[in-house]
Amino acid sequence: MEKIEKTDIKATIALILAMIIWATSFVVLKATFKIYGPMFVIWGRMIIASLIFLFVIKKLWKKCSYKRGDYILLLLMAVFEPCLYFIFEAMAITKTAASQAGMITSTLPILVAIAAFFILKEKTTVLTWLGFFVAVSGAVILSIYSEVTASAPEPVLGNFLEFCAMICATGYTILLKRLSARYDPFFLTAVLSFVGSIFFLPLALIEGGGFPKEFVALPILGIVYLGAVVTIGGYGLFSVGVSKIRASTAAAFTNLIPVFTIFFSWIFLGENMNIMQYCGCGLIFAGVYLSQKK
């Protein structure tokens, strides 16, 4: 029993840290997209993460147990995320506010719970579903009472594209859970980085007629942060969490992303919250607590 409790605590800490890191990515993406094209930014973060992983990939591989045919699952996982996921999210960020895009991530737990129920045969309790419902209700309140600004020219389309990204994230999470039993969490993150750096290279070259002619310091630092911290740290920590608890339970933590995103958007982008949005944040926290309650 003690071992299970320690594992849960470790998974919880890893997932909360991953959510905080992922929340900052919406803000950084919004800022870097003002200077560079979305595909260049995404490719930049992938190649930076890949270069870092080159130094440790052999050590990570030694911790893995390859099973015949796994390359198909590994490739499919990478196609879902980062490939398709980031295409949808990059388009979404240019259409809607960073805070609203973060809100849409609250739909991921329900999508994962449904997929895990049918594919992974994970049991879902009534209390878990109640927690999901409360959290999503909080996210809806956040969305309804959010103000449309000049930085969100087409919020409805942007939010829909972010929802499409969540569908891709669902496929990624299910495959991640299946593969995490045999592979080191950070090796799986390395696979995403390698595949993503190859996939987004031609898109980055096509977009805007090639690479940028000049490099601005702050956005470049943003890309480095996305690659070194968000891609390696965020995805690595999420993989650690998924490897230790159920996929649907791990996905429930993404309900925290809207809250953290609104906070960081307020600090760095000047996006303000009203009283009703604070109420929505409270419901999201309550929903996550209910979904995790034994």
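Structure data summary
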{"quantity": "Cα gyration tensor shape of segment 190-250, rounded if a/c is under 1.5, else prolate or oblate by comparing a/b with b/c", "calculated": "prolate"}
{"quantity": "Counted charge near Arg68, where neighbours are those whose Cβ lies closer than 15 Å (Asp, Glu -1; Lys, Arg +1)", "calculated": "+2"}
{"quantity": "For Ile16, net neighbour charge (Lys/Arg +1, Asp/Glu -1) across residues whose Cβ lies under 14 Å away", "calculated": "+1"}
{"quantity": "Exposed-site-free run, longest, the chain (rule: chymotrypsin sites (Phe, Trp or Tyr not before Pro); DSSP loop; at most 13 other C-beta within 10 Å)", "calculated": "67-214"}
{"quantity": "Segments 217-223, 176-182 sorted - mean Cβ within 10 Å per residue, highest first", "calculated": "176-182, 217-223"}
{"quantity": "Cα gyration tensor shape of segment 136-223, rounded if a/c is under 1.5, else prolate or oblate by comparing a/b with b/c", "calculated": "oblate"}
{"quantity": "Computed magnitude of the charge dipole of the chain (debye, nearest 20; Cβ of K, R +1, Cβ of D, E -1)", "calculated": "1220 debye"}
{"quantity": "Rough spin-label spacing in nm, given labels placed 7 Å along Cα→Cβ, for Lys293 and Thr125", "calculated": "0.9 nm"}
{"quantity": "Accessible area of segment 135-294 belonging to carbon and sulfur atoms, whole % at 1.4 Å probe", "calculated": "74 percent"}
{"quantity": "Contour excess over end-to-end distance, with Cα ends at Lys213 and Val156 and 0.36 nm allotted per residue", "calculated": "17.2 nm"}
{"quantity": "Förster-model FRET efficiency, 45 Å R0, Ala31 and Arg68, C-beta, rounded to 0.05", "calculated": "0.50"}
{"quantity": "Most positive-pole-ward Cα, Cys164, Ile141, Pro82, against dipole of the chain from beta carbon charges", "calculated": "Pro82"}
{"quantity": "Rounded if a/c under 1.5, otherwise prolate or oblate - the chain, Cα gyration tensor axes", "calculated": "oblate"}
{"quantity": "Candidates Thr125, Thr231, Thr32, ranked by Gaussian network fluctuation over the chain, Cα under 10 Å, top entry", "calculated": "Thr125"}
{"quantity": "Cα-Cα over 26 Å, subset of Lys177/Lys293; Lys30/Lys123; Lys59/Lys293; Lys10/Lys34", "calculated": "Lys30/Lys123; Lys59/Lys293; Lys10/Lys34"}
{"quantity": "Local electrostatic count, Arg182, Cβ distance below 14 Å [Lys/Arg +1, Asp/Glu -1]", "calculated": "+4"}
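The values are calculated or read from the model by the stated rules, or taken from the named source; none is laboratory data. Worth saying up front: this structure is predicted, and the values here are computed from it rather than measured. Virtual Cβ from ideal backbone geometry, glycine too; neighbours counted across all protein chains shown. For the accessible areas, the whole protein counts, side chains as well, though only heavy atoms, and no ligand, DNA or RNA atoms are used. Shrake-Rupley method; radii C 1.70, N 1.55, O 1.52, S 1.80 Å.
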